[in-house]
Each structure stands twice: as C-alpha cells, then as structure tokens.
1. Would you point out the residue of region D:30-52, among those that are of a type in the set (S, T, N, Q), assigned to a helix (DSSP H, G or I) and farther than 17 Å from D:Phe190 by Cβ, that is farthest from the other protein chains (Cβ to nearest Cβ)?
2. Can you find even one residue in region A:208-227 that is on the phi > 0 side of the Ramachandran plot and crowded, with 24+ Cβ neighbours inside 10 Å?
3. Considering D:Ile242, D:Ile229, which residue is of a type in the set (A, V, I, L, M), in contact with a helix residue (DSSP H, G or I) (Cβ under 7 Å, 6 or more places away or on another chain) and surrounded by 24 or more Cβ atoms within 10 Å (Cβ to Cβ)?
4. Looking at (1) farther than 17 Å from A:Ala302 by Cβ; (2) among the small types (Gly, Ala, Ser); (3) surrounded by 20 or more Cβ atoms within 10 Å (Cβ to Cβ), find the lone condition where A:Ala424 falls short.
5. Give the residue, chosen from D:Arg249, D:Arg170, D:Arg199, that is without any contact (Cβ under 8 Å) to a residue 24 or more places away in the chain and within 14 Å of chain A (Cβ to nearest Cβ).
6. Could you please tell me which pairs satisfy a Cβ distance under 7 Å, a separation of 6+ or placement on different chains, a first residue in region C:5-25 that is within 19 Å of B:Ile40 (Cβ to Cβ), and a second residue that is at pLDDT below 90 and of a type in the set (Ser, Thr, Tyr)?
7. Of the conditions (1) within 10 Å of chain D (Cβ to nearest Cβ); (2) within 13 Å of A:Met171 (Cα to Cα), B:Lys38 fails just one. Which one is it?
8. Can you find a residue that is within 10 Å of chain D (Cβ to nearest Cβ), in a helix (DSSP H, G or I) and either crowded, with 24+ Cβ neighbours inside 10 Å or charged (D, E, K, R) (or both) anywhere in region A:93-111?
Amino acid sequence: MADQSPVIVVVAPLFAALLAGLIGMREKRACLPLTLLGLVVSLSAAIVLFRRVLAEGEVRYFLGGWDKPLGIGIELRIDTVNGLVLIVIAIVSLISAIFSFRPHGQRDTEKNMHFYILFLLLCAGLFGITATADAFNLYVLVEVSSLTSYALVAMGSLRRGTVAAFNYIIMGTIGASFYLLGVGYLYMQTGALNMEGIRVVVNQPDVLASKAVLVAFVFILTGVWIKTAFFPLHGWLPNAYAYAPTTSSTLLAPLMTKVFVYVMIRIMLSVFGLVWVFEHLSWSHIVVWLSVIAILAGSIIALTQTELKKMLGFLIIAEVGYMVGGAWLADEGLWGFKGAIYHIVSDAFMTSCLFIAAGIFYRRHDCHDIASLDGAFKRMPLTMTGLLVGGLAMIGVPPTCGFFSKWYLIRGGIDSGHWGYVVALIISSLVNAVLFFRIFEIAFFGKKPVEHADHGDSHGHGEEHAPAPAEPTGQAPMPTALVALMLSAGFILLIGIFNGQIMEWISLTVDPLNPFTKTPPL
Amino acid sequence: MREFFESYIVPYFNFWVYVILMMIGMFAMITKNNLIKKLIGMSIFQTAIILFYVSLGVKDGATIPIYFHEHKEESHAEGTSEDAHHKEEESSHESVGPGILTDAERKQAHLEAGDHTPHGEAAGHAVNPDEFTNPLPHVLMLTAIVVGVATLGVALAVCQLIYREFGTLEESEILTQIKQSNHG
Amino acid sequence: MIWQFDIIILIFLVITAVISLRVRDLLSASMIFGVYSFLICLLWAEMGAVDVAFTEAAVGAGVSAVFLIATVFNTNRRSSD
Amino acid sequence: MGMRILGFIAVFVTGALLTYGVADFPKWGDPHSPANAGEVSTYFIQNTKADTHVPNIVTAVLADYRGYDTMFETVVIFIAGVAIMAILRVLATIPPGHQPVQYDPRKKIAYDPIISVTCRLIVPVIQLFALYVVAHGHHSPGGGFQGGVILGASFILIAITSNLRSALRRFSEKRFIFIACAGALIYSGFGLTTLLFGRNFLDYGVLSKIMFDTDEVMARSHSMLGVEIGVMLTVTAIMFAIYANLSSRGALRGGL
C-alpha cells in the first residue's frame, strides 16, 4: 500500500468521518475512537510517505490514473516540504483529538457526533490542501476546510462567537473567491490547472509581461493572505479563535493559518516559480515591509489584551508576519524562505501547546482573563510547565524550536539586508518576553489580588480535585488534556533539538529551485 | 467613439459585466448593514466569478459539450466510430472556426485504437475541438455553484443563530449590544 | 450564442442585482435574487454551458432562494438598508 | 461610516485591478485563446468518448477525470448539512440563565386545498424527473447534483405545501443523516475498491473485474453512474436537512 500512501493520508479522515456519521447516530461513544483511528492511519501513511520521499525524491500520484497528458486528471505531489507539513498536521490534529476527550465550551454537549465529523473533515481538507498539485483542487479543499472551520467556530457557547463566525464567513468567502478568481486568470492565460503546467507557461518569455498573470498573482496572494490573517486583512482571526469552543481552537489556531502560509509558499514555489516571484516581480521589499508592519502591529495589540486567548490570537498574527516576511526575504541562500517553512512546523506546535494550556485554564476557571491565572502554578504545575515551554518557545529561548526558527529568519534578514525585518523580529521577541513573563509572574507568585471572589475558594487545592465552582464539568478529562499538552511541549523541544535535520530535509526541495545560485529547471 | 465601443466594449462585454457584478457584490458584502443583504451580496459576488469562468469557455460557433447520441443496439466499439463520423460530417457544415478536419479513415482507426487503450493516447485528432464549447470551466463551475450554496446555507444558519442571541440582524445594533454587554 | 441576446440578459442581470440589494423588504430581495439566478441560468444556457445552467436553475433559482426565504421568515423581514 | 469608506476603497482597488486585467483578455468567444485551445480542454473534447464512452463531456470530466474534485464537492455539501445541524439544531434543553429572544407569533397561513392537492400530484412527477436526470446524465445535461437537488426540492415542496411534520414523517432526521453519509460513502467506496485492486484512487477501469461482461471503458461509464447515485443521495438528504433546519430554527418542529 506504500504506493497509495499519498491518497490514504487524505481519505482516511474522510472515511472515519463518514463512518462516524453512520455509527455515531446510535453509539455516540464510537466517535472519538474513530477519530483517533482515522488520524493514526493518516499519520502512519504520512510517515511512510515521507520515508518514501526521502528515499526516491518527489512522489507523484495521479488520481484516476490520468497521468498523460499532464493536467487532465488531478495530481498529488509530495516533496519533503509538504511531506513534513502533512506529518505536522497529523500530529497536531492527533494531539487535539486527544485533548478533545469530552469537549468543552460548546453550546450543547449532545453534538459530539457533529463535532467529530467536522473535526475529521477539517483534517481531511487540510491534508488535501497540503498534498495537492492542482490549483483548482486546492480551492475545493480550501472550501472544505473553511466550511468546517466556520461551523467549528459557530458551535461556541459564547454569544459573541456567532458574530465572529459570521465575519469569518464573509472574510473567508472573499479570500477563497479571490483565490478562485486568480486561478481563473491563470487558466485563461495558460490553459492549465496543474501547478507544474501553469509554471511552465507562466515562465515563457511571451507570457512574462502578461498583465493578467500579474493580476492573477495579486488576487491569489490577497486571497491567501486573507486566509492566513496577514496584518491588514486579519480582522476575522482574534475573535473567531477567542470565542470558538476550546477544542476547536486547539485545532484551528495551530493549523489553519499555518497551512495557508504553506499554500502561499507552495504558490510561490510551484505555481509561479521562485524565478518569477523574485526576479521577474521583485516585490520582495514591499512585502517584507508589510510583514514588518504586521509583526509590530500584532505584537503591540497583543500587549493591550487582557484575555489570554485573544492575546494569543494577536500573537498568531505577528507570527504570520514572521512567516510571510521570511518567505519573501529573497536572500542568496534562501535562509528566510527555509526558515519560514521551518517556522510553520515549529509554530504549529507552539500554538497548539499554548492554546491547549489556555483551554485547560478556561475549563478550570470559566474565565479567559490573564489575571485569573493568579497563583496557578501551585494549583496546576503540569499545565503551567506546558505553558512555560510554549511561552519560552514563543520568546525564542535556545533549546526550543522558537529560537531556531528565529535564528534562521534573522540570518535570512541579515543576508538580504532587510534590517527592518530583523529589528521587528527582535522587538517582537521582546514583546513576547514581556507578555509571557507577566503571565509567569502572575502564575508563580500570585502578585495580583484575586479579582473573582467566587473563584477564591479553589485556591490551595490540589490539581486533581476540587473543581472551580462555576464549572459544571468534572475532572475526568484532565489527564488526557495534560497528556496532549505534554505531547505538544515535547514536540517543541524535539523540533528544536533536531532543527538541523529538519532544515536539511527542507533544503532538499528548496535548494534545487533557488534562483540565485544557478538557473533552476523550469 | 464607435471604434472604442467596438474594440473595447463589445468583445469584452461579458467581462465588463462580470467586473461590475463583482464590485456590486463586494461592496454589498462590506458595507451593507443587514446580514441577509450581505449574504445576497456574497452570492452575487460568487456568481460574478462563475460568469467569468463560463465566459472563458465560450467559442464562437461551437455547440454544447455533448456528443451526438449513439444507437444503443450497436456494440459500442463500432457505434462510437460511426457516430463520431456522422456527427463530424453533420457539424462540419456549420462549423465556423477554422477546422482541423482529418480524413475519416484515419479518424476511425484512431477511435478504434482508442477504444482499447483506456488512456486514449492513440485517439488523436478525431474531433475538431472548435466544435464544442470548452467543457473544463463548466465542470469547475459546477463545483463552485455547489460550494456557493453550501456557504450560503451555513451563513444563513449562523444568521438565525445571531437572531436567536441578539434579536436583530442589523450589524450596527449587534455591535451596540456587544459594547453594552462589555461595559455592563 | 447570440451576442444581442447575451447583452440584453447581462444588462438585466446588473439591474436585478442592484434592485435586490436596494429593496428594503428582505422577502422581495430574496425573490428578486431568485430572478437574478434565473437570468444568469438563462445566460449560461445561451453560452452553451447547459450543465451549469441546469445546476443554477435547480440550486440558485430554486433551493437557495427557498433557504433565504426560510431564514427571512424566521428572522426579520425589514432591513434598514 | 468608516466601513463605507473602507468598502469604497476595497471595491475601487479591486475594480481597478480587474479593469487593468481585462485589457489583456482574449476576445470573448475566441476559439484559440489559451484556455480554449489548451492541451487539457482539447484532450477532453477529443478523447472523452474513447476513454469513457460517455457522450456528455461535462459528466465524464466531472465524475472521472476530475472525480477527486467531485468527491470533495460532495463532501462540501455533506459538511454544509452537518454544519447547519451542528450550529442550529436544538437538541439539549436550553441552559438556565440563557434567555432566547422571543419571536413574534406569526399569522397562521390558511390551509389551501388547491395547493395541497396540486402538489400531491406534482411531487411524484418531480421525483421521477429527478431520477431521470440522474440516470440520463451521461447523455444529456444533468447528473447527480442536479437530480439530487431536484429530489431534495420535492421534499421541500411537501414541507412547504402541507407542513414540515408530514415531510419529516417521510424523511426523518435519522434517515437523512444516514442517507447523506451513505451517499458520500458510496462515492468514496468506489475509490476504496479501486485501491483494493491495486490501482490508483478512483481509477474506475479496474472495476471491470467485478462488473459482469464489461471492458475497462464501459466499467468507467458504469462506475460514473454509481458515483452519481452516491452524489444524488447525499445532495437530496442534505438539501432537505438544510431546509428543515432553517425553516424550523433547528427545532424540526413547526416550520414555515
């Protein structure tokens, strides 16, 4: 079955979702095992696939067997970059599934079946986005993942969540439609939908000057930026993630924006080609300055937030700024570009870790305020350790992956001479340090007075008993949630330690396409 | 003026209308106060894109992308070639665009060969592509229409949820309510 | 494909789009949106995209107008703009 | 007001970009524009018949060449249904302290025998037509989506003209969830079967091994029909599910 692994990664969650729909009506408890099963199959297929990619190079898979001429069918193409992203998606969603044991913060708890179906289909959509090499198929899968995420956000119990979901739908539809429009322009100019087919035509001399291709690029980029929440287009993100149910946000926050950053990178790499993007277009200065604005704005707005999840939302916006800027640095060794890909991997785990920690706190306190973490270290040492690891990674402290991704990005910035970007990165790290040390201070020393008197009596109790008064759910789910947190914290450290290996894998794909070293093959 | 009209407006009329519809839809999505109106704007926005795609596939003098019917009683291998043959003869009279018509024998041989190779590499230039509208945009747009109605349905459900929570669908009133609940 | 016909439908299309966004009664807006969908379905049939036209007739003019009307009935019929 | 200005700016920028692009367009109806004369679309027009034996090129491309897209399109519909049920469906009792908005009691619409009897007569015809659309999708416009929507619309018609309860008696919630899942499973099941035979996902040709007296080409044609039936089931169930939830505010009681 190793030959079929590209498609198994994508369809395993799909089958699990459909079976969950059939079985879940009668037996609600079957949903979670099915979810885990589907994701484990995906993960193992992704690992098999990645080993195959390492052994024999790029893997191409033609659905329906339509391989000749290129582009009549739909192609999945896996190289080391998206092989890596597939594994990351599988692991993060598995962690989130473990965390989701007894979901919290939804309007009614009776809807476990619906939740898991949507959860699995979101994973299927993200896997599909990552694996595909067809520009239109990408659109369909973007809609699969978007529709599920709208629903996952709207399932929240908070009143404002509904409005956030509506804004998300409007912005998301504009983004996806812009992408579709851009693909239409490309199709008009090239007659192809396969990414490779488009790239070959776009790089032909007589098409290079085409205005329509330029417009297509702008539309695709804007559409993808809306989906990644790049700064001026970020409006939907903070509320949607902050008011989504806890479990949904542990899946959406780490994956949605990262996968769309990956889409941007894939478009630069495969649809237009780095030669076109960096040498023909030469817009990298503009985009890097935009990303500098995004980083600074995200960090500064995060400083003003009092709610933990909302603060994390703005930090995501700053992180998206890192990745977009890094991908456009256009330095000689493409360190920024590779650093951006590495940052996708590390940021997925960082965000996962932080949102899981925030989810545990929310479940405990029914309150998002940072001030409510007062003295939390004594009550929940393990959770705080997880938050500590996540926070240190966000700041960029050495053994964690956050340090290394910043290292590569800064190296790219220095090589390309974008000092503004380097300074913004450092300022943002300092802001992160301020933010997280503020939280740690509150949590470790309990400096602030207790603001919520009704929560006061839970002080001094151990982690395993005495639920907070406002919290109807019991303590049973806590161990799995902690396992999930520890897993993501562990991965943060692992990815940090093995950063050299991961960069090597990324270089396998990116270096041959580097337009600055030698003429790359079209 | 007339020249401008003939060279810029008429040949691109579909595209100009698509630009206009798209701007109308997008403007409504961003500025309308009523959420249902926003959704109508969203649908118009999406149909504008579909209009663009379908306009791409139009060919002057081409027919709909369906082959002429074959006779059911014939075995399919023979039926294909002969019917394609008939069809080609019939439609070549009306074909307006410059045709790349090949002789019947070659075509027949190609089609018969093509019947046995599922990937159809041997089935060469049997049918003149100028005779049929480009089918690919149609396929893509079927998907887009379905996606559009799915998004509309989910958005309407969220609208009803908002109405359940806030009692209104006017964005300004919802925002005031949120502000009040934040202060209160 | 008859371009005169095409242009007439396209002009009507813009008119119905503007009206359905201007009308303050949401029920009317939904109905006019149905008209819009039907016109666009006509346009596609005329451009040779029969399958798309069929789908649009069933989905756009039929079902999505019904969905809109169902929501309007369950919420508020008046719109401020 | 700020939103209005923002909207003007966004629309103006988009419009300017679009206008900038239009100048570079091929003329409308040009048979030799890159899209129309491209290798891909030419291939479809020339080889569909030999490859799949389906006269309707759109159906063939939809269900075979780009069948993976269509599978996810079905999944999109399925997601829409599940999402609406997840968002709107009122299953549990409303939690204490949560006060839903009171709705105005609407006027009862009088029972009209003419409408009700006419619809009883029309509904079977509509359903028959829907099945025809699906079955004849290979030869004429139509296929799973169109047929499914029409079939779903016939149930919606029952719900509108008599009431939601009598429609739900024919097509209960459990049943539509089941049918929606089953439809999507039929589609992906075709893919899984081809995988089990060792060919690529959705490569229907290999199914000639289990289909009686068919070669690979006819196997593709028949599999497409099977796939379209799966699509029809999902679309029918979900269209009705969406209507039932939207019209009754998720209570599946009352309705319009």
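The values are calculated or read from the model by the stated rules, or taken from the named source; none is laboratory data. On a predicted model such as this, the values are computed, not experimentally measured, just so you know. Here Cβ is always computed from backbone atoms with ideal geometry, including for glycine, and neighbour counts include all displayed protein chains.
1. D:Thr48
2. No - not one qualifying residue is present in region A:208-227.
3. The conditions single out D:Ile242.
4. Single failed check for A:Ala424: (1).
5. D:Arg199
6. C:Arg24/C:Ser79
7. Against the list (1) within 10 Å of chain D (Cβ to nearest Cβ); (2) within 13 Å of A:Met171 (Cα to Cα), B:Lys38 comes up short only on (1).
8. Yes, region A:93-111 has at least one match.
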